[in-house]
Ligand SMILES: *Cc1c(COP(=O)(O)O)cnc(C)c1O
């Protein structure tokens, strides 16, 4: 039986995408060859790469606005240092909203000065700091749009006087944002876009070329742009499957249409968390993530019963991250609302049993 998959990452992909990707592994579009056994310089693969890059810009509404989309390797974690290498000359401002932000700060500090414009670390990151200032003489401002572990999400983005860089790993393509506010957007594919192995990086070209350091080729955005995201052999399966997911998203009506679905799922999930006296939400209400709902079960004695019921209902991967505890329901684009209904049903059944 197919499970209700609430995994935080790598996470659920649309069944159509999984089927098409698996067919491509055996025989790509009737070519008699697998997508895994053709040259990345062949027309078939160059078309896949170009299509994926174009779809990413189209779905973000960034076509013709001076941006380039890249599919790189090394995960979002490599972007933590790549951003600093390419942009950090003197000082950068970071908003510290979770352990991913903290990791980004740690890497940037290797290269130069980092100032935390705001932090919610002392509250175990259960809210998003607001009213912070971004100094205009800094090189860039970095933030994390959705804090996968804590279940908080930035609802508003500042009008930054300097390039705004955002780690959107866990909510890219999930809601309408004015993406043209950002200098760089990056996202590991494995949360909301595809399999692990590639990272989407969307770069506004005119923010590059301003640092004096020498940048190793593999770390240089400019080189990846000039080579059409093919400086070295790209992760072909991850790019192909991400392209299929982006095609799927476009067929659903794009980001605006999926946002409506995501809102419905989140409303259903949070109303159960709020109304059911057995559960308590972790994140501050105004900052709650539409992608990752974090909550705890108040009565530890019910833990075993709850977890057995979840298992019986085919609900998978709602265990919370070790730094928060409790439970986390990740509701990425591909998760059907019926899965949320199934989870909510188990939660209310537990209430009636207790
Ligand atoms: C998962 C995640 C990362 C880490 O991504 P990797 O691809 O494993 O390096 C970074 N930032 C956020 C917000 C994430 O959710």
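The values are calculated or read from the model by the stated rules, or taken from the named source; none is laboratory data. It should be emphasised that the depicted structure is a prediction, and the values quoted were computed from it without experimental measurement. With ideal geometry, Cβ positions are generated from the backbone for all residues, glycine too; neighbour counts draw on all protein chains shown.
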### Task
Kindly indicate whether any position in the stretch 92-110 is in the same structural domain as residue 165 (by TED's automatic domain parsing), touching a residue at least 24 places away in the same chain (Cβ under 8 Å), assigned to a loop (DSSP other than H, G, I, E, B) and more than 16 Å from the ligand (Cβ to nearest atom).
no
### Query
Any idea which of (1) touching a residue at least 24 places away in the same chain (Cβ under 8 Å); (2) touching a helix residue (DSSP H, G or I) at 6+ places or on another chain (Cβ under 6 Å); (3) not in a loop (DSSP other than H, G, I, E, B) is the one residue 286 doesn't satisfy?
(2)
### Message
For a quick check of your reading of the model, give me the residue pairs whose first member lies in the stretch 137-150 and is more than 13 Å from residue 97 (Cα to Cα) and assigned by TED's automatic domain parsing to the domain that holds residue 106, whose second is more than 8 Å from the ligand (Cβ to nearest atom) and in a strand (DSSP E or B), with beta-carbon atoms closer than 6 Å and at least 6 apart or on different chains.
### Response
138/91; 138/92; 138/93; 139/92; 140/92; 140/165; 141/93; 141/164
### Task
Considering each residue of the stretch 59-78, count those that are outside any strand (DSSP E or B), touching a residue at least 24 places away in the same chain (Cβ under 8 Å) and more than 8 Å from the ligand (Cβ to nearest atom), and give that number.
7
### Summary
When residue 35 is run through (1) over 22 Å from the mean Cα position of the chain (by Cα); (2) under 30 Å from residue 338 (Cβ atoms); (3) surrounded by 16 or more Cβ atoms within 10 Å (Cβ to Cβ), the failure sits at (2)
## Note on the structure
Of all helices (runs of 4 or more DSSP H) fully inside the stretch 156-262, the set with 2 or more residues that are assigned by TED's automatic domain parsing to the domain that holds residue 112 and more than 16 Å from the ligand (Cβ to nearest atom) is 221-226, 236-251
### Query
Considering the stretch 6-19 alone, what residues qualify as being away from the ligand (no atom under 16 Å from the Cβ) and crowded, with 18+ Cβ neighbours inside 10 Å?
14, 17
